[in-house]
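The values are calculated or read from the model by the stated rules, or taken from the named source; none is laboratory data. Since we're looking at a predicted model, the values are computed, not measured. All Cβ positions, even for glycine, are placed from backbone atoms using ideal geometry, and neighbour counts span all protein chains on display. What goes into the accessible areas is simple: the full protein's heavy atoms, side chains included, and nothing from ligands, DNA or RNA. Shrake-Rupley method; radii C 1.70, N 1.55, O 1.52, S 1.80 Å.
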Amino acid sequence: MASYHRSSDRTVVLDIGSQYTKCGFAGEAAPRYILPTCKVSNPRGETAAVSLDRFADLSNDELYDAIVDFVYALYYRYLMVNPKDRRIVVVESLLCPESFRATLAKVLFLRHGVSSVLFCPAHLMALFTLGVQTALVVDTGYTETFVLPVYEGVPLLSAWQAQPLAAKAIHSNIEKMLLQTCLVTTEKAEKEKLSALLDKLREDALEDIKARLCFVTSMERARLYQSAVTEDGAVDASKLPPAPPDVDYPLDGNKILHVSGRIRETATEVLFDQVEEEQALPNLILDAILKVCLLLVLLLL
């Protein structure tokens with residue numbers, strides 16, 4: 001509690017992501033709050049729809065109004081500080097749209113009267129926690145994975161790689177497998193297929209299932225799963241490794257969803273499997289390293 005009372009002169013740090021927003025004060029070890037970006041409400045109880053992956057659907061006026069309510073909620077409902085008394089650091093992706101950045105700055109300066117705003121690339125901020133100036137940063141967010149080499153504090157933009165493979169893809173994979181194979185025990189103690197009861201699962205339920213039940217398997221077991229897939233796409237069950245334990249998950253209060261161990265273990269494999277022309281996560285990392293090598297060769301010539 002002592003650090004809380006000594007934070008009267010600390011800079012506000014704000015990291016607005018596609019799905020979640022982190023906010024807090026400089027000098028603290030962790031954010032004060034991590035909350036869904038789309039679900040922060042203003043004092044009137046209205047939801048501020050300022051998710052970065054949906055900003056293009058809003059007009060300039062709608063985006064401005066949404067950010068006004070969103071920032072108001074962050075300052076007065078969560079951080080509980082006067083924005084005029086605090087400087088602010090906005091941690092942003094290098095792919096953040098210019099219109100969103102300009103609208104956010106307009107709201108902070110004109111509506112809330114902040115004294116100064118510093119926009120910092122999130123990939124550089126990640127290096128501060130390690131105390132290094134050179135690294136390969138892999139940022140797996142909600143909508144995409146972004147790989148960026150940083151050399152002596154300078155992002156090498158000509159070597160960056162990105163693919164829409166991130167948490168959203170994992171959620172889609174979990175939902176697909178659950179609807180195809182899983183059973184649900186209803187309030188009448190009867191077992192039915194999940195697809196017979198629901199067409200789709202809520203996003204918060206998928207997030208909870210991913211965080212609580214799923215995990216990234218080892219490379220050895222992943223190779224066994226890959227070797228079990230035949231040329232025609234079928235699965236040879238005899239080549240599969242022993243499955244992890246199944247887990248029961250409460251669904252909608254009065255139902256029990258039976259999540260198989262196979263789903264728990266293979267849900268995240270969508271990040272590592274190359275599908276058609278889309279690159280997998282290992283390919284993104286290798287391509288970024290190769291582009292850095294080419295840059296070094298060109299500089300030495």
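The range 238-297 and the range 75-150 have their alpha-carbon centroids 29 Å apart. Summing +1 for each Lys or Arg and -1 for each Asp or Glu among the other residues whose beta-carbon sits under 9 angstrom from that of Ala159 gives 0. Rounded to whole numbers, the Karplus 3J(HN,Hα) couplings from phi for the range 153-160 are x, 10, x, 8, 5, 6, 10, 6 Hz, using 6.51 cos²θ - 1.76 cosθ + 1.60 with θ = phi - 60°, and x at Gly and Pro.
Overall, the accessible surface of the chain at a probe of 1.4 angstrom is composed of carbon and sulfur to the extent of 56 percent. Could you tell me which label, among [x] 19.3; [y] 29.5; [z] 21.4, carries the value of mean projected area of the Cα convex hull in nm² calculated for this structure? Identified label for the calculated read-out: [z]. Backbone phi angles across the range 233-242, fed through the Karplus curve with coefficients 6.51, -1.76 and 1.60 (θ = phi - 60°), yield HN-Hα couplings of x, 6, 10, 8, 4, 5, 9, 6, x, x Hz in residue order; Gly and Pro are listed as x. Within the listed set Val184, Val229, Val12, the residue fluctuating most in the Gaussian network model of the chain (springs between alpha-carbon atoms under 10 angstrom) is Val229. For the set Lys168/Lys188; Lys210/Lys255; Lys22/Lys106; Lys239/Lys291, the pairs lying more than 30 angstrom apart at their alpha carbons are Lys168/Lys188; Lys239/Lys291. Converting phi to 3J(HN,Hα) with the Karplus coefficients 6.51, -1.76 and 1.60 and the offset θ = phi - 60°, the range 187-201 yields 5, 8, 6, 9, 9, 9, 5, 4, 5, 7, 9, 9, 7, 7, 9 Hz in sequence order, with x at every glycine or proline. A cut-off of 5 Å between modelled amide H atoms, ignoring neighbours fewer than 5 places along the same chain, links Thr140 with Phe146. As a calculated quantity, the FRET efficiency between Ala135 and Leu286 at R0 = 25 Å, using C-beta atoms, amounts to about 0.95. Only Cα pairs under 8 Å and 6+ residues apart enter the sum, and on that basis the relative contact order of the chain stands at 12 percent.
Between the helical axis of 281-300 and the longest alpha-carbon principal axis of the chain there is an angle of about 50 degrees. Could you tell me which of rounded, prolate or oblate describes the range 94-134, using a ≥ b ≥ c as the square roots of the eigenvalues of the alpha-carbon gyration tensor, with rounded for a/c under 1.5 and, failing that, prolate when a/b is larger than b/c and oblate otherwise? Cα axes put the range 94-134 in the oblate bin.
Computed about its Cα centre, the charge dipole of the chain is approximately 1100 debye, with only Lys, Arg, Asp and Glu carrying charge at their Cβ.
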